[in-house]
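Enquirer: Take a look at this one; I'll ask things after.
Values quoted throughout were computed directly from the atomic coordinates according to the rules given, and no laboratory measurement underlies them. For clarity, every value in this text was computed on a predicted model and none was experimentally measured. For neighbour counting, all protein chains shown are included, and Cβ atoms are generated from backbone atoms with ideal geometry for every residue, glycine included.
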Amino acid sequence: MSDNQEPLAVIALTLPDGSVKTFPTGSTGNDVALSIGRKLAQDALALKVDGVAIDLNTHLTADAAIEIITFSSPDGPNIFWHSSSHLMAQAIEELYPGSKFGAGPSIEQGFYYDVASEHRFREEDLRKIEERMLEISKRDIQIRREEMNRIDAIEFFKSVRNDPYKVEILEDTLKSVERVSLYHQDGFTDLCIGPHLPSTSKVKAVLLTNISSSYWRGDSARENMQRIYGITLPSEKLLKEHVARLEEAKRRDHRKLGAELELFMLSPEVGSGLPIWLPKGAIIRNELEAFLKEEQRKRGYLPVYTPHIGNIELYKRSGHYPYYSDSQFPPLTYHDEEGKQEQYLLKPMNCPHHHLIYSSKMRSYRDLPLRLTEFGTVYRHEQSGELNGLVRARGFTQDDSHIYCRPDQLVDEICSAIELTQFVFGTLGFSEVQTRLSMHDPENQAKYGGTAEVWEQAEKDVKEAADRMGIDYFIGVGEASFYGPKIDFIVRDALGRKWQLGTVQVDYVMPERFDLTYTGSDGQKHRPVVIHRAPFGSMERFIGVLIEHTAGNFPLWLAPVQAVVLPIAEDVHDYAKSVHQALLEAGIRAELDTRSEKIGKKIRDAEISKIPCMIVIGQKEQESGEVSLRRHRIGDEGRFSVSGLIDKLKQEITGRT
RNA sequence: GCUGAUGUAGCUCAGUCGGUAGAGCACUUCCUUGGUAAGGAAGAGGUCAUCGGUUCGAAUCCGAUCAUCAGCUCCA
């Protein structure tokens, strides 16, 4: 037809394995995927071109390094879930006309959409929406990207879509952006940067999980919206696996296990957020405290004790009272006979007390570093909606130490605090520890104490220490406390959930406020620097996370009951009693089960109680003067002499393995 | 604190239309003496979260309070 003599233009695309393939210019990611294989084309969600994710059906016109994004690619779930939020919005719009849409991003485990609707969404509506989403998926609607000027987009969302929230985003958040992109799927259109799935049909399985509320743009002065959470997956099978993981998380919930294993309790008669440690939970806490005390003794820490309340002036001086007055219990007010008034605060933190210990006598540069340590119980009036078992409580105990040192000692001291924290986490089996350097937000200087120079120095020191310890960290801007930057340790539990536990914080501000000094070699007064550090963070939170991490299967050294002696029948009760006694004398926490139950029942009960060692005793053991050891979740480990068993268990306990 | 949901025996949960409560497990007693995840029988156990209202009558309907759960906001 054409008299065009030019050869057909081709482009060279480099695949992730390094091979180069040529395609006609204008080919799409779908063409590329098809050329590699049918399965890949089915799984393809989007395309990465020179490291940038774009829509699968974008026409390629230049040589590039490309990569097909599937659900198992690092960017896959994010794109999948973001498109799913649009799919959900379309379903909601079809079912509940007039609903307006706010923000609908993908999140770590799925997506949500904030909806303003006259309809009050209920649990049963979620099932209807799920059904509609799957139906829309079956319609196999092509998702089409359209770019337009911001002004045109505003007009579009005003007149065609009638969606005021999108208009607000365009007029405000995006006001300096020229061109924006819209994604159309049938009558539904969303403002979105993309990329998105090529078609609604990629979504094969839907689970809408819950409804909650949110404020438009996170601002409590703005209107409330209904936030609907969900997760979608590219197959039914993957959804089933996801649901199984959720159930596993539920089974490990420390609140549930804490009650079942009789570790702690919460009672409205005591007050919400005020946990009570039951005997078995207290054993775990005791062991952990003894462990840390031992390690701290080796590292030159000095234990102190301070009262649970303090004069309010102390906290005004430290700056905590004005700064955190919302989250403290109200002051206790005391009048003496002359009518003189004094106010006391349940202590929300330990540092001011420790600072007073520091300044109780003259300190020489030779005395530093001074490391004061205390398991200090503090009380904070956390918002009621925040309370969560042991993990977020109003009364809790920090493994709090304050290290007073010279500036030239600071980095060394930060390093040794990091080392201790890593040692603690390693011993407790948290292998995946993330470290965040929590820096201040220079945009919001008013939030912090101290001068800009002091902050610069403190952040430099923190970084230097982190680098020297070779830790892999990321920076959290705006995560610092008001008096200084922090190194926060975030662990993942056995189910991959993240928890912030230990912390190391640098503080140049409190030494000023409390006028802390030491005499230098020059005979002059100098300011020490303070490090606040807590490897566990809070005993309550740490143990809550540990319960979930171990699913209640504690290592032998922490187990509230380490062994239970299970006689098979009454004729060996005397022997069983002597074994039980021997275990107790060896310092092993042992119980004896002399109920008239069969051995199967006794074992089952011990397994459910998650007791690490079951000592089974019958005629054979009695005759040979031995015992049989059965391990929790493992099974029969054979016969041992009583002393052999005790040695074995003691070794395991002292090794904290 | 905000939005929504929930609250029945120690635990997990039934309980219809408003007619004063039921199961399994756990517990107690008795029988059973059994070799590696549940032996049998009987018994006891509840101011249906609390307070108030509607009603001849409330676990059930309404309101308030408390607590818990999910999420938002916050976290020295």
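Enquirer: Averaging sequence separations of C-alpha pairs under 8 Å and six or more residues apart, then dividing by the length of segment A:250-318, give the relative contact order as a whole percent. It would help to have the intermediate numbers written out before the result.
Expert: On the way: 32 pairs, mean separation 12.4, N = 69.
Relative contact order comes out at 18 percent.
Enquirer: Another question, if that's okay. Run through segment A:592-657 and list the trypsin sites (Lys or Arg not before Pro) located in a DSSP loop whose Cβ has at most 11 other Cβ atoms within 10 Å.
Expert: Working: sites: A:Arg595, A:Lys598, A:Lys601, A:Lys602, A:Arg604, A:Lys610, A:Lys620, A:Arg630, A:Arg631, A:Arg633, A:Arg639, A:Lys648, A:Lys650, A:Arg656; in loops: A:Arg595, A:Lys598, A:Lys610, A:Arg633, A:Arg656.
Sparse-neighbourhood loop trypsin sites (Lys or Arg not before Pro): A:Arg595, A:Lys598, A:Arg633.
Enquirer: Now for a different question. What's the local net charge at A:Ala44, with K and R +1, D and E -1, over the other residues with C-beta under 12 Å away? Spell out each step's value before the answer.
Expert: Details: positive: A:Arg38, A:Lys39, A:Lys48, A:Lys202; negative: A:Asp31, A:Asp43, A:Asp55, A:Glu67.
The answer is 0.
Enquirer: Run the numbers for A:Tyr96 and A:Arg639: contour at 0.36 nm per residue of separation, minus the present Cα-Cα distance, in nm. Write down the numbers at each step before the final one.
Expert: Details: separation 543, 0.36 × 543 = 195.48 nm, distance 6.85 nm.
Between A:Tyr96 and A:Arg639, full extension yields an extra 188.6 nm.
Enquirer: Could you tell me what % of all Cα pairs in chain A have separations over 44 Å?
Expert: 42
Enquirer: Once all Cα-Cα distances of segment A:228-372 are split into 10 Å bins that start at 0, what whole-number percent is in each one?
Expert: Cα pair-distance distribution for segment A:228-372, in percent: 8, 19, 24, 24, 15, 7, 2, 0.
Enquirer: With r defined as the distance between the Cβ atoms of A:Phe329 and A:Glu295 and R0 fixed at 30 Å, what FRET efficiency is calculated, to the nearest 0.05? Kindly include the intermediate steps, with their values, before the conclusion.
Expert: Details: r = 32 Å, r/R0 = 1.08.
After rounding to 0.05, the efficiency reads 0.40.
Enquirer: When only Cα pairs under 8 Å and 6 or more residues apart are kept, what is the percent relative contact order across chain A? Can you show the working numbers first?
Expert: Numbers: 1187 pairs, mean separation 55.4, N = 657.
Rounded, it is 8 percent for chain A.
Enquirer: Count the net charge of all other residues whose Cβ sits under 13 Å from the Cβ of A:Tyr315, scoring Lys and Arg as +1 and Asp and Glu as -1.
Expert: On the way: positive: A:Lys316, A:Arg317, A:Lys347, A:Arg380, A:Arg513; negative: A:Glu313.
The answer is +4.
Enquirer: Expressed as a rounded percentage, what relative contact order does segment A:1-130 have, with Cα pairs under 8 Å and six or more residues apart?
Expert: Details: 189 pairs, mean separation 22.6, N = 130.
Answer for segment A:1-130 is 17 percent.
Enquirer: Return one number: the angle in degrees, 0 to 90 and rounded to the nearest 10, between the long axis of the Cα atoms of helix A:539-550 and the longest principal axis of the Cα atoms of chain A.
Expert: 70
Enquirer: Can you grab the distance from the C-alpha centre of segment A:550-623 to the C-alpha centre of segment A:123-196, Å, no decimals?
Expert: 64
Enquirer: Further question on the same structure: Quick one: 3J(HN,Hα) in Hz for segment A:169-178, Karplus 6.51/-1.76/1.60 with θ = phi - 60°, rounded, Gly and Pro as x.
Expert: Couplings: 4, 5, 7, 10, 4, 9, 4, 9, 9, 6 Hz.
Enquirer: A further question follows. For segment A:68-121, taking Cα atoms only, what is the radius of gyration to one decimal and the Dmax to the nearest whole Å?
Expert: For segment A:68-121, the Cα-based Rg and Dmax read 12.7, 41 Å.
Enquirer: How big is the antiparallel share of DSSP beta bridges in chain A, given as a percent to the nearest 5?
Expert: Numbers: 98 of 116 bridges.
Here the antiparallel bridges make up roughly 85 percent for chain A.
Enquirer: Here's a follow-up. Expressed as an acute angle from 0 to 90° and rounded to the nearest 10, what is the orientation of the C-alpha long axis of helix A:279-298 relative to the principal long axis of chain A?
Expert: Tilt of helix A:279-298: around 80 degrees.
Enquirer: Shifting gears a bit: Where the only charges are on Cβ atoms (+1 Lys, Arg; -1 Asp, Glu), what is the dipole of segment A:201-302 about its Cα centre, to the nearest 20 debye?
Expert: Here segment A:201-302 has a charge dipole of around 420 debye.
Enquirer: Another question, then. Whole angstrom only: what separates the Cα centroid of segment A:50-118 from the Cα centroid of segment A:245-283?
Expert: For segment A:50-118 versus segment A:245-283, the Cα centre distance is 39 Å.
Enquirer: What are the ³J(HN,Hα) values, in whole Hz, obtained from phi via the Karplus relation 6.51 cos²θ - 1.76 cosθ + 1.60 with θ = phi - 60°, for each residue of segment A:40-53 in sequence order, with x given for Gly and Pro?
Expert: Whole-Hz 3J(HN,Hα) from phi for segment A:40-53: 4, 4, 5, 7, 4, 10, 7, 9, 10, 10, 6, x, 10, 7.
Enquirer: Over segment A:256-372, how many pairs of lysines fall under 27 Å by alpha carbon, counting only those 8 or more apart in sequence or from different chains?
Expert: 9
Enquirer: Continuing with the same structure: Of the listed peptides A:570-580, A:378-388, what is their order by residue-averaged count of other C-beta atoms within 10 Å, with the highest listed first?
Expert: On the way: A:570-580: 16.9, A:378-388: 14.1.
So the peptides A:570-580, A:378-388, ranked by packing, come out A:570-580, A:378-388.
Enquirer: Further question: Rounded to the nearest 500 deg cm²/dmol, what is the calculated helix-only ellipticity per residue at 222 nm for chain A, with -39500 (n - 2.57) per DSSP H run of length n ≥ 4? Walk me through the numbers on the way to the answer.
Expert: Details: 20 runs with 224 residues, N = 657.
It lands at -10500 deg cm²/dmol.
Enquirer: Sticking with this one: Among A:Tyr448, A:Tyr324, A:Tyr508, what is the fewest-to-most ranking by other Cβ atoms within 10 Å? The partial results should precede the final answer.
Expert: Numbers: A:Tyr448 20, A:Tyr324 15, A:Tyr508 23.
By the 10 Å Cβ count, ascending, the order reads A:Tyr324, A:Tyr448, A:Tyr508.
Enquirer: Quick check on packing: order A:346-354, A:120-128 by the mean number of other C-beta atoms within 10 Å, highest mean leading. List each step's numbers first, then the result.
Expert: Numbers: A:346-354: 22.6, A:120-128: 13.0.
Going by the mean number of other Cβ atoms within 10 Å, highest first, we get A:346-354, A:120-128.
Enquirer: Where does each of A:Leu390, A:Leu34 land when they are ranked from fewest to most other beta-carbon atoms within 10 angstrom? If you can, show how the numbers build up before the last one.
Expert: Working: A:Leu390 25, A:Leu34 15.
Exposure proxy ranking, most exposed first: A:Leu34, A:Leu390.
Enquirer: Label points 7 Å out from Cα along the Cβ direction at A:Val49 and A:Asp140: separation in nm?
Expert: It is 2.6 nm.
Enquirer: How big is the dipole moment of chain A about its Cα centre under a simple scheme where the beta carbon of each Lys and Arg is +1, that of each Asp and Glu is -1, and everything else is neutral? Debye, nearest 20, please. Numbers along the way, then the final one.
Expert: Details: 81 positive and 98 negative charges, 250 e Å.
The dipole of chain A has a size of about 1200 debye.
Enquirer: Counting only other residues whose beta carbon sits under 12 Å from that of A:Ser327, what net charge do I get with K and R as +1, D and E as -1? Mind showing how you got there, number by number?
Expert: Numbers: positive: A:Arg380, A:Arg392, A:Arg394; negative: A:Asp326, A:Glu382, A:Glu386.
Residues close to A:Ser327 contribute a combined charge of 0.
Enquirer: Using only the alpha-carbon atoms, how far is helix A:410-427 inclined from the longest principal axis of chain A? Give it as 0 to 90 degrees, nearest 10.
Expert: Tilt of helix A:410-427: around 90 degrees.
Enquirer: Expressed in nm to one decimal, what extension gain is obtained for the pair A:Leu302 and A:Asn162 from 0.36 nm per residue of sequence separation less their Cα-Cα distance?
Expert: Result: 43.7 nm gained on full extension.
Enquirer: Say R0 is 30 Å: what FRET efficiency, to the nearest 0.05, do A:Ser235 and A:Leu15 get from their beta-carbon distance? The partial results should precede the final answer.
Expert: On the way: r = 25 Å, r/R0 = 0.84.
According to the calculation, E is roughly 0.75.
Enquirer: Ranked highest first by the average count of other Cβ atoms within 10 Å around their residues, in what order do A:526-538, A:284-296 fall? Don't skip to the end; give the middle numbers.
Expert: Numbers: A:526-538: 23.6, A:284-296: 16.8.
Top to bottom by mean Cβ count within 10 Å: A:526-538, A:284-296.
Enquirer: While we're looking at this one, here's another question. Checking the table A:Lys202/A:Lys250; A:Lys202/A:Lys240; A:Lys128/A:Lys240 against a 25 Å threshold on Cα-Cα, which pairs fail? Before the final figure, lay out the partial values.
Expert: On the way: A:Lys202/A:Lys250 29 Å; A:Lys202/A:Lys240 17 Å; A:Lys128/A:Lys240 19 Å.
Going by Cα-Cα distance, A:Lys202/A:Lys250 fall outside the 25 Å limit.
Enquirer: Find which of A:Ala480, A:Gln409, A:Gly230 sits farthest along the positive direction of the dipole of chain A, computed with +1 on the beta-carbon of Lys and Arg, -1 on that of Asp and Glu, about the Cα centre.
Expert: A:Gln409
Enquirer: Then there is this: If you rank A:Asp647, A:Asp55 by fewest surrounding Cβ atoms within 10 Å, what's the result?
Expert: Working: A:Asp647 13, A:Asp55 22.
Fewest to most other Cβ atoms nearby, the residues stand as A:Asp647, A:Asp55.
Enquirer: Given segment A:415-512, what percent of its DSSP beta bridges are antiparallel, to the nearest 5? Mind showing how you got there, number by number?
Expert: Values: 13 of 18 bridges.
Beta bridges within segment A:415-512, antiparallel portion: roughly 70 percent.
Enquirer: So if I place +1 on the C-beta of Lys and Arg and -1 on the C-beta of Asp and Glu, and nothing else carries charge, what would the dipole magnitude of segment A:468-540 be about its Cα centre? I want it in debye, nearest 20.
Expert: It comes to approximately 120 debye.
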